[in-house]
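The values are calculated or read from the model by the stated rules, or taken from the named source; none is laboratory data. Since the model is a prediction, treat every value here as computed from it, not as a measurement. Glycine also receives a Cβ, built like all others from the backbone with ideal geometry; neighbour counts cover every protein chain displayed.
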Amino acid sequence: MTNPAPSVSSFVTSSESTTNKSCDVFIYKEAAQVLFPIFYTIVLVISILGNSLVLYITWQRKQKLNSTSLYLINLAVSDALFTLALPGRITYYVRGFDWPFGDLLCGLTAIMFYSNTYSAIAFMTCISVDRYLAMVHPHKCQSLRNTRVVRGVCAFIWVVVILETSPLLFRSLVKEFDGQRTCMEYSNLVDSPKMSYVLLFACIIGFCAPLGLILCCYSQISCKLSRMAKDNPMTCRSGKSNRAKNIILLILLSFVVCFGPYHINIMQFMVRRLLHEPSCEEKKAFKMSLQVTVSMMNFNCCLDPVIYFFAIKTYKQRVMSLFMGYMPTLLSSRSMPENSSSNT
């Protein structure tokens, strides 16, 4: 009895798997073992200090929180949760892309990563819409800025993000490669052509649509502010007007600079992957660019406290008073040894 001839699809699949195994995309591993741990350690320290300060000062506030404050607090909580995953990633890079903590923690790290990314995008979009309603329709849409409604929107965002990312726990994100266990790498996630369509759809819904909405909101706000400035030139000098412009600038810069390169990188490679099987050199270039754009996106958790600083007037005042309160203590502690040494 003769064995049946292998099908064309099985031959293509086997050749692709052979190509993937022979293609080592982990180039510049020695440099990555030094640069990425240093970078993510800096991100970890800044994010912990900045977001902890936001949550600490907010917890001390006695008055009721407004809609913008609630969105920004949820943004700070998202960033604080993301920092819990950074020690594992730092260890992963120090070991040269080798994950020692098992499948479960790799899946939890992936959930924290993607939850932070898309919850941050969602809350930034909500802040944009909130500023639009406050500036352009201050009386018509006041009910949409009610704290009960805002809490409901925040809860809805968390539920949607968790439901979207929780399936990552039920698939293996750790794979053996060259004697090492890689975690949350592109090759571990995209194991079929259908995933290219899924990632393209996720980028359009999760990044392009919110970016379009933010640009639309802020163009309307800019038009409203320019009309107000023409009617009353003193308006453009007011603190409220300047604060609105600062929020617009910071959120747009953070959104475009941090999230833009990563999503554009993913979309262009997915389109090319649908058209033809990428060569090994293309995969190496994509892997290196992906590491850089992911780092830029993760740096967003350090910029969010800056947005809070300029967006909330009372927060800015409390931060300044907090540091001014510590300055006399530091100065007195420094002057005491000097005085004691001069007296001897």
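Descriptive notes on the structure:
- In segment 27-54, the residue that is farthest from the chain's Cα centre (by Cα) out of those that are farther than 30 Å from residue 314 by Cβ and crowded, with 17+ Cβ neighbours inside 10 Å is 32.
- Test: residue 74 is out of contact with any Leu (no Cβ under 7 Å at 6 or more places or on another chain), within 30 Å of residue 123 (Cα to Cα) and at pLDDT 90 or above: yes
- Selection status of residue 57, within 20 Å of the chain's Cα centre (by Cα) and part of a helix (DSSP H, G or I): no
- All helices (runs of 4 or more DSSP H) inside segment 183-232 with 1 or more residues being at pLDDT 80 or above: 193-203, 209-231
- Residue in segment 98-115 that is closer than 18 Å to residue 259 by Cβ, in a helix (DSSP H, G or I) and not hydrophobic (A, V, I, L, M, F, W, C) present: yes
- Some residue of segment 301-321 being closer than 30 Å to residue 187 by Cα, modelled with pLDDT of 75 or more and not in a helix (DSSP H, G or I): no
- Residue 147 being over 19 Å from the mean Cα position of the chain (by Cα) and β-branched (Val, Ile, Thr): yes
- Condition met for residue 83 (in contact with a Ser or Thr (Cβ under 6 Å, 6 or more places away or on another chain) and polar (S, T, N, Q)): yes
- Sole exception among (1) within 19 Å of residue 206 (Cβ to Cβ); (2) without any contact (Cβ under 8 Å) to a residue 60 or more places away in the chain; (3) out of contact with any Leu (no Cβ under 9 Å at 6 or more places or on another chain) for residue 123, by number: (3)
- Scanning segment 108-115 for residues that are surrounded by fewer than 21 Cβ atoms within 10 Å (Cβ to Cβ), aromatic (Phe, Trp, Tyr), modelled with pLDDT of 90 or more and closer than 25 Å to residue 304 by Cα turns up at least one hit.
- Residue selection: residue 162 fails the criterion of being within 23 Å of the chain's Cα centre (by Cα) and over 18 Å from residue 106 (Cβ atoms).
- Restricting 143, 52, 69, 128 to residues that are among the small types (Gly, Ala, Ser), in a helix (DSSP H, G or I) and over 25 Å from residue 222 (Cα atoms) narrows the list to 52.
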